[in-house]
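S.K.: My questions all concern the structure below.
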Amino acid sequence: MAGFLTFVLGVIYALFLIWIIRRYSIKYIPGVSNIGGKKRPNRLANVLRIILSVVLVSSVFTAIIWPFAFYVYPATRHLFDPSFLTNSIMSFDIHTFFRLDLSMQSAFKITGLEDQTLRGKVSMGIIPQKIIYWHTYQLLDWLKNLLGCYILLEFRNIFTSICNGDAFTGVITGSLKKMGIVIIIWNSLSPFVQYYGYGVLLKNITASTEALKITPYFYVGIEYLFLGVALLVLAGVINEAVKIHEEQRLTI
């Protein structure tokens, strides 16, 4: 019953996601683009368009298969059989910071160090104490996958517009703005979600020694925030170019 229900939901979701992609995907017009008033093939843009199309298809396929194989089916199966979600199925990896003070471990020393403290970032397999934590983690991963598909779609639309000879249109400006806003919002919220979300999970982890300290992962992707701002700036510059292009076209 769980498998059949998952299959039906998967088909509906797959058709809806494919419809969304087709609805907001710019159609490629085979031929050559008009560059500088002359008909020239924009080969590099076309190569990038093809690469992005392949990556987008694989990402959409993952967005369809992964959540139903690793989230919807187990969750639906759990509704019919509460004992189905065992610790091995519910476990997932999280990133954490650790601090190990070797000076508190008399039997273990490392020479050649400035001090006997090791620090770093590790990936740990967590068994959540409450099923709601597992649901939240899986849903956030699902959302991350969908946002990745959206950004790839907008990138593909940009290069498709260029290949169609529409290098100076509001489509490119709009795509750049949308991508910049999504990247900034996601990377502004993600560090806090990780810190407080992982902090709740780490409360259930205990160590037999005070030499080991585990703290929630908190990392602000400055490079991604910079990329988002750069895309917004680039969108503004291209928007000015679009206005100039329109004025020249109307003048002619």
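S.K.: If I filter region 1-54 down to residues being of a type in the set (S, T, N, Q) and open to solvent by less than 60 Å² (accessible area, probe 1.4 Å), which single residue comes out as modelled with the highest pLDDT?
M.R.: Taking the candidates together, the pick is Ser53.
S.K.: Yes or no: Leu201 open to solvent by less than 80 Å² (accessible area, probe 1.4 Å) and assigned to a helix (DSSP H, G or I)? Let's see the steps before the verdict.
M.R.: Numbers: open to solvent by less than 80 Å² (accessible area, probe 1.4 Å): yes; assigned to a helix (DSSP H, G or I): yes.
So Leu201 fits the description; yes.
S.K.: Count, please, the residues in region 161-189 that happen to be surrounded by 17 or more Cβ atoms within 10 Å (Cβ to Cβ) and farther than 18 Å from Leu234 by Cα.
M.R.: Matching residues across region 161-189 total 5.
S.K.: Could you please let me know if Glu223 is part of a loop (DSSP other than H, G, I, E, B), within 30 Å of Thr96 (Cβ to Cβ) and among the charged types (D, E, K, R)?
M.R.: no
S.K.: Among the listed residues Ala211, Ala207, identify the single one that is of a type outside the set (S, T, N, Q) and either touching a Gly at 6+ places or on another chain (Cβ under 8 Å) or surrounded by 14 or more Cβ atoms within 10 Å (Cβ to Cβ) (or both).
M.R.: Ala211
S.K.: For region 102-137, what are the residues that are charged (D, E, K, R) and at pLDDT 80 or above?
M.R.: Arg119, Lys121, listed by residue number.
S.K.: In region 58-86, what residues are farther than 13 Å from Gly148 by Cβ and at pLDDT 85 or above?
M.R.: Those that are farther than 13 Å from Gly148 by Cβ and at pLDDT 85 or above: Ile64, Ile65.
The values are calculated or read from the model by the stated rules, or taken from the named source; none is laboratory data. Remember, it's a predicted structure, so these values are computed and weren't measured experimentally. Reconstructed Cβ throughout: ideal geometry from the backbone, glycine too, with neighbour counts over all protein chains shown. For accessibility, only protein heavy atoms count, side chains too; no ligands or nucleic acids. Shrake-Rupley method; radii C 1.70, N 1.55, O 1.52, S 1.80 Å.
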